[in-house]
1. Name the residue, out of 65, 115, 143, whose mean-square fluctuation peaks in a Gaussian network model built on the chain with Cα pairs under 10 Å.
2. What does the convex hull of the alpha-carbon atoms of segment 1-43 project to on average, in nm²?
3. Can you give me the angle between helix 35-52 and the longest principal axis of the chain, using Cα atoms only, in degrees from 0 to 90, rounded to the nearest 10?
4. Which whole-number percent is the relative contact order of the chain (Cα, under 8 Å, 6+ apart)?
5. Neighbouring Cβ atoms within 10 Å as the yardstick, rank 113, 91, 9, 24 fewest first.
6. Can you sort 141, 152 by how many other beta carbons sit within 10 Å, fewest first?
7. For the chain, what does -39500 (n - 2.57) per DSSP helix run (n ≥ 4), summed and divided by total residues, give at 222 nm, in deg cm²/dmol to the nearest 500?
8. Using the alpha-carbon atoms, what tilt in degrees (0 to 90, nearest 10) does helix 20-29 show relative to the longest principal axis of the chain?
């Protein structure tokens, strides 16, 4: 690796909920630097999720994140001329990044409605352990389980 490693950035908590996780999630939703639009989408989705369920918006968000974050993933490793899919634990920063990415990807895949509605639906489904984002996590875990025989190739 050349040069210095980039310093870790600190995030200010978001204005409405005072949560660093929501501030980071807003940044993931943001497209082409339009942060105010991303904030409107995320806050609208959280308010709608709170109205749909009987729980607070932060509880729904935290439960959804807990149900989406992966514990293990497979990574390609070349050993003796063959590539193996080696299951490895996921670092905490990457866990959240994958969870945000999967949630937004699942919401964007739904067609025909506003992003607020799509994100609301995906958040509510993820908080009860259903939906496309949770399915993606289960697929990743299933793949890691299927390749458990190659776990001894993992370098920690």
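1. 143
2. 4.0
3. Taking Cα atoms only, the helix is inclined about 80 degrees.
4. Value for the chain: 25 percent.
5. By the 10 Å Cβ count, ascending, the order reads 9, 91, 113, 24.
6. Working: 141 16, 152 7.
Ranked by crowding around the Cβ, least crowded first: 152, 141.
7. Dividing the helical sum by the residues of the chain leaves -18000 deg cm²/dmol.
8. 90
Where a number appears in this text, it was derived from the coordinates with a stated rule and is not lab data. Please read all numbers here as calculations on a predicted model, not as lab measurements. A quick note on method: Cβ atoms are made from the backbone with ideal geometry, for glycine too, and the neighbour counts reach across all protein chains shown.
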